[in-house]
Amino acid sequence: MSDDPAAGADRPLAARANFLLSQLGFHIAQAFAARLAPLGIAPNHFGLLVHLDGGEGGSQQQLADALGIHRKVMVGLLDDLEQRGLVQRRRHPADRRAHAIYLTDVARQLLPRARRIADQHEEEVLAALDASERVELIAVLQRIADSTGNSPGVHPGLGSASRSGNAGASAGE
């Protein structure tokens, strides 16, 4: 990389990886949110539900730690999901001061539909690529994501998610 501030000054935005990733990320996040809206969930809800589907019964604090988000944000997200009938707080069996988090039957019925939406969305986004290009793109993106220190499968926007669920895409998108 050159230290010359003028280096690349004549490069158009469409030739800059950071711009293209930002442009695509914004578009993909907005489209995914619109696709999930009829299910009554937002991308941050989807990410949290997918995470819980992989292992429920942990405490709110364990969940917040696993996703790298502030416990107050976690409480808000869980309040929102509980009001929607998608998660249930129960007394933690090992710590009576804590709550264990579980998916409801409603969430178990909703998740396969949400995953199909995520799969269809990804298929459309990657339609211009053949199978080997898709594998290569995912490998390159994973390498870039790893170098940023992001937790695998956790969207950094989840940690700043509002109770209304208007954060960007989450796990799975």
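Ordered from longest to shortest, the equivalent ellipsoid semi-axes for segment 1-151 are 36, 20, 14 Å, each the square root of 5 times a Cα gyration tensor eigenvalue. Applying 1/(1 + (r/R0)^6) with r as the Cβ-Cβ distance of D146 and V106 and R0 = 41 angstrom yields a FRET efficiency of 0.70. Ordering L111, L13 from the fewest to the most neighbouring beta carbons within 10 Å gives L13, L111. The protection proxy used here, the mean number of other Cβ atoms lying within 10 Å of each residue, ranks peptides 148-155, 116-123 as follows, highest first: 116-123, 148-155.
With a Förster radius of 22 Å applied to the C-beta separation of N18 and V125, the computed FRET efficiency comes to 0.75.
Every number in this text was worked out from the coordinates using simple rules, so none of it is lab data. Keep in mind it's a predicted model, so treat the numbers as computed, not measured. Note that we place each Cβ from the backbone using ideal geometry, even for glycine, and neighbour counts take in every protein chain shown.
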